[in-house]
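One structure below.
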Amino acid sequence: MTNLLVLGGSGRTGIHVLVHAVARGHRVRALARNPDAVRAPVGVELIQGTPSNIDDLRKAAQGSEAVISALNNSRASDNPWAKPVSPPMFMTDAIRNALTVMGEQNIRRIVLTSTQNSGDGRDRFNPAFKALVKLSNLKAAFDDHDGVDEVVRASDTDWTLVRAVLLADKPVVTPVRAAEAGTEKPGTRINRGDLAGFLLDTVEQGTWIHKAPVVWNTQG
């Protein structure tokens, strides 16, 4: 059993993290701006606050042994091209706060959701898509993911950046494959529930430390 702090637990991937973590017997605490709106499973302790406020994080992190971040940028709609509504560099600032608090409270392990083409993965973009990103609303999200990548890699923590391919909401559980970028051709999708399970696997098994694996479903 591990005492986990989950960031982004109210999101579409984060809620799966809460469900999986409780089912596996972990003690789970989640930071949420509006706890009453979060459909968290029984056993999750919801702390009101935001990772943009370092004092909220200090309160929520007390007693934690590991942090899982499923934070993402909010958009005006579910369309990936929609206008972002989160503050600029929201995730980067939040994770910088989280890393500071982890240092203060001697928490070493952090596992974060990322995206396939962030950080050094940006070099693997199709050139046409790379040009399109620069001219679209996607640029803000990718810049923020790059910022997270940079501050995490510079930290003195046991970090893992889990780079997901396109996220899907299929209820069927299918096998997950993980590989370092450039070593295998990944599939095109991963179910959010399967991604959540992988995040927890890396915490429980102590795998992929100081690495950024690309993850995908091998079926479906």
Search result, residues across the range 152-194 that are crowded, with 16+ Cβ neighbours inside 10 Å, of a type outside the set (S, T, N, Q) and more than 23 Å from Val22 (Cα to Cα): Val152, Arg163, Val165, Arg177, Ala178, Ala181, Pro186, Gly187, Arg189
Residues (modelled with pLDDT of 95 or more and hydrophobic (A, V, I, L, M, F, W, C)) located in the range 62-89: Ala66, Val67, Ile68, Ala70, Leu71
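The values are calculated or read from the model by the stated rules, or taken from the named source; none is laboratory data. Remember, predicted model here, so these are calculated numbers, not experimental data. Don't worry about glycine lacking a Cβ; one is built from the backbone with ideal geometry, like all the others, and counts go over all protein chains shown.
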